[in-house]
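The values are calculated or read from the model by the stated rules, or taken from the named source; none is laboratory data. As the structure is a computational prediction, the values presented were derived from the model and not from experiment. Glycine also receives a Cβ, built like all others from the backbone with ideal geometry; neighbour counts cover every protein chain displayed. We work out accessible area using only protein heavy atoms, side chains counted, and drop any ligands, DNA or RNA first. Shrake-Rupley method; radii C 1.70, N 1.55, O 1.52, S 1.80 Å.
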Amino acid sequence: MDHPWGIAQTKLAHAHATFQHVADALPLPHRDQAGGCGDWTPKQVAAHLAGWDREAARALLALVTGAPEDFVTGIDTFNRASVDARKHLSWDSTCLDLRQAHEALQHAIDAIIQAQVPARGYLAWMDGRLEDYALHTAQLRVWVAAEQGA
């Protein structure tokens with residue numbers, strides 16, 4: 001039977017790759033245009049995803065080292081901070097940051113698996129990461145389809 005964290009890792013890799021594929025296919029003017037994901041631009045969405053992937057990686061590594069911390073509870077505040085911290089980046093740099101954040105999360109999951117740390121609650125957080133990727137990927141797809149049909 002596959003390890004639950006290995007399954008989560010595979011699903012996250014697929015969700016990340018799918019988002020990147022859809023984001024890479026966005027017409028250039030759409031990348032900094034709000035409307036596809038609420039008030040956020042696709043670039044801001046990528047920044048948001050990068051922030052959460054980095055936070056998840058940090059939390060998992062803290063757990064592995066025996067210093068677990070509480071989950072972020074101020075979600076809106078964290079979202080704003082993630083987007084604001086990356087607003088100076090170009091589209092390409094934001095996408096690179098997202099790829100690097102995702103790689104950090106994958107390495108942190110490897111560490112959880114290798115350390116055999118019981119990570120109650122943390123696995124459910126990965127489900128949240130999957131839902132976040134799925135939501136924003138679907139939003140971008142609908143938006144681009146609507147724009148192409150207009």
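Here are a few things to note about the model shown:
- At a probe radius of 1.4 angstrom, the accessible area of the chain per residue rounds to 53 square angstrom.
- For semi-axes √(5λ) of the Cα gyration tensor in Å, calculated from these coordinates, the label among (i) 23, 18, 15; (ii) 29, 16, 13; (iii) 25, 17, 14: (ii)
- Per-pair calculated FRET efficiency, R0 = 30 Å: LEU135 and THR77 via Cβ, rounded to 0.05: 0.95
- The solvent-accessible area of GLU103, taken with every protein chain present and a 1.4 Å probe, is close to 100 Å².
- Between ALA115 and GLU103, the distance separating the two model label sites (each 7 Å from Cα on the Cα→Cβ line) works out to 2.2 nm.
- On the beta carbon distance between HIS3 and ALA67, with R0 = 22 Å, the FRET formula returns roughly 0.40.
- Scanning residues 5 or more positions from TRP40 or on other chains, those with amide H under 5 Å from its amide H are GLY35, with H placed 1.01 Å from N in the peptide plane.
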